[in-house]
Amino acid sequence: MKKIVFIFFVYFCFTAKTFSQQSNDAGMWATFNLEKKINKRVFFFLTEEFRLRENFLRLNLFYTDIGLGVKPFDFLKVSVAYRPIQKFQDNNTFSYRHRLMLDITFKKKFSRFGFSCRERFQAENRNIYSSEKGHLLEWYARTKVKLDCDINKPITPYIAVETRYQINNPRAKEADGLFTRNRYFVGLDYKRSDKHSFGLYYMYQQEWDVSAPQDLFIIGIEYSISL
């Protein structure tokens, strides 16, 4: 377990960056998750999320995840999902985006501690019928590591770090082959029963090597149902 904590600490320090020219914003993300087991190893899931920006005062976006996952082993989960996104613009119109995601997640339990690593590959287009480059795909890889602890059985606090690597973006070619964003999480999950759980977290996001880098300060709430 000490090795896992050390690796997590090194990863956290390695990904931490300090920049002085970003703009700042605060917001809220509210998420609903539904998971339905098809059999012992296969499951279907649906996620709805609503986000606010500009210090909680303005709509940011809605999205829906529809996906299918498999757990070939207790320590491994693989899932694919489609995400339609409606992002609210400054001119009071919506930008419509479509995303495909492949997630590969490894988990390991050490007594009261749990460690997980999720690798996500995503492809997204936007404004297909209203932009010359709308049909072109943006490709990213996102790595998220998480460390949690069962201090009190129904409550599990955790910390997590996520990095985003830009594989290819036709609208921002200057950042291809670079890491462009980090997210840092501190939160806790409350498992009310085997079917219902709640989550609360605080997230800090940094961006760089993009046209308008921004630091975000997010309060997140989650409600999950497992059937």
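The values are calculated or read from the model by the stated rules, or taken from the named source; none is laboratory data. The structure displayed is predicted, hence computed values, not measured ones. Glycine gets a Cβ as well: all are built from the backbone with ideal geometry, and neighbour counts include every protein chain shown.
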- In region 6-37, what residues are in contact with a Leu (Cβ under 7 Å, 6 or more places away or on another chain) and at pLDDT below 95? Phe8
- Looking at Phe106, Phe43, which one is over 20 Å from Glu162 (Cα atoms) and hydrophobic (A, V, I, L, M, F, W, C)? Phe43
- Query: Within region 123-169, restricting attention to residues that are among the basic types (Lys, Arg) and surrounded by 15 or more Cβ atoms within 10 Å (Cβ to Cβ), which residue is farthest from Tyr202 (Cα to Cα)?
  - Reply: Arg126
- Could you list, in sequence order, all residues of region 33-50 that are without any contact (Cβ under 8 Å) to a residue 40 or more places away in the chain and of a type in the set (D, E, K, R)? Lys40, Arg41, Glu48, Glu49
- Across region 126-146, the tally of residues that are touching a helix residue (DSSP H, G or I) at 6+ places or on another chain (Cβ under 9 Å) and not in a strand (DSSP E or B) stands at 0
- Note on the structure: Note on region 106-122: residues surrounded by fewer than 18 Cβ atoms within 10 Å (Cβ to Cβ) and farther than 19 Å from Phe75 by Cα are Phe121
- Message: Which count do you get for residues in region 181-208 that are in a loop (DSSP other than H, G, I, E, B) and under 16 Å from the mean Cα position of the chain (by Cα)?
- Response: 0
- Message: Return the residues of region 75-101 that are without any contact (Cβ under 8 Å) to a residue 24 or more places away in the chain and farther than 18 Å from Thr31 by Cα; say none if nothing qualifies.
- Response: Val80, Gln89, Asp90, Asn91, Asn92, Thr93, Phe94
